[in-house]
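Note sheet for the following structure.
The values are calculated or read from the model by the stated rules, or taken from the named source; none is laboratory data. Being a predicted model, the structure only gives us computed values, none of them experimental. Neighbour counts are summed over all protein chains in view; Cβ atoms, including those assigned to glycine, are modelled from backbone coordinates with ideal geometry.
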Amino acid sequence: MVNNNYALIKEIKQYALENKIPIMQNEGIDFLTTFIIKHQIKNVLEIGSAIGYSAIMMSLCSPDLKVTTIERDEQRYLEAVRNIKKLKLEDHITLIFNDALKTKIDGKFDLIFIDAAKAQNIKFFELFERNLNDNGYIITDNMYFHGLVQKNEKEIKSRNVRGIVRKIKDYISFLKSNENYNTTIYDIGDGIAVSEKKTKEGV
Ligand code: SAH
Ligand code: MG
């Protein structure tokens, strides 16, 4: 990463902090970028761009990597457009301004990264797995939801938050019982699930 990029990324992280935009934590982003390099991922579909931070960090892993990313919030989308321009990554990142659940994506990806509305994870998974290459991976962020998933539900005061926590638990059960994938949840950042598509053996 050249020094100028470093300063720009620092600015993006500062903007996220000031505007309470839930970008990936350092530990999580290190895991994700290391994963991309290790598995020689060539293209990524991201659900939930926010201001483009994780898309930019992934894109900087390799000049050959293409990232397609979807965001439904207009202000965040516009900020993502600006950030991607600043880093001169327009040829490497495709931003889509839409509700992901209403978006049909063509093509296949080595990695699908789900980091949007936490209660909708099963829907995102089921909608976009058709875009996953054989031997591809689906990675989902925030499996701990700020540590609340491991907490006793009675300690969670907000009904809304309790609802999200329940949905994340349902998603974990969905992943664990999904016979087409091997899922591991890593104790990194806010909890990261890696679901590896099983190859069809003997066919
Ligand atoms: N991946 C980003 C952070 C994403 S935060 C990073 O680490 O830098 C989650 C984002 O998902 C929010 O900006 C929210 O507006 C967006 N989002 C939530 N539900 C969505 C949906 N159905 N379609 C598109 N974007 C969605
Ligand atoms: Mg996240």
### Message
Condition check: in a helix (DSSP H, G or I) and either surrounded by 19 or more Cβ atoms within 10 Å (Cβ to Cβ) or aromatic (F, W, Y) (or both). Does M58 satisfy that?
### Response
yes
### Residue count, the range 114-169 (criterion: polar (S, T, N, Q), part of a helix (DSSP H, G or I) and more than 11 Å from ligand 1 (Cβ to nearest atom))
2
### Task
Determine if the range 173-181 includes at least one residue that is basic (K, R) and within 16 Å of ligand 2 (Cβ to nearest atom).
no
### Query
Which one is modelled with the lowest pLDDT among residues in the range 2-25 that are polar (S, T, N, Q) and within 14 Å of ligand 1 (Cβ to nearest atom)?
Q25
### Task
Go through (1) within 23 Å of R72 (Cβ to Cβ); (2) in a loop (DSSP other than H, G, I, E, B); (3) of a type in the set (D, E) and name the single condition D91 misses.
(1)
### Residue count for the range 69-105, restricted to those that are touching a residue at least 24 places away in the same chain (Cβ under 8 Å), surrounded by fewer than 19 Cβ atoms within 10 Å (Cβ to Cβ) and within 18 Å of R130 (Cα to Cα)
4
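Under the condition of being of a type in the set (S, T, N, Q) and assigned to a helix (DSSP H, G or I), which residue from the range 26-51 is nearest to ligand 2 (Cβ to nearest atom)?
Here the answer is N26.
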### Message
The conditions are (1) over 17 Å from I192 (Cβ atoms); (2) touching a helix residue (DSSP H, G or I) at 6+ places or on another chain (Cβ under 6 Å), and I47 fails exactly one of them. Which is it?
### Response
(1)
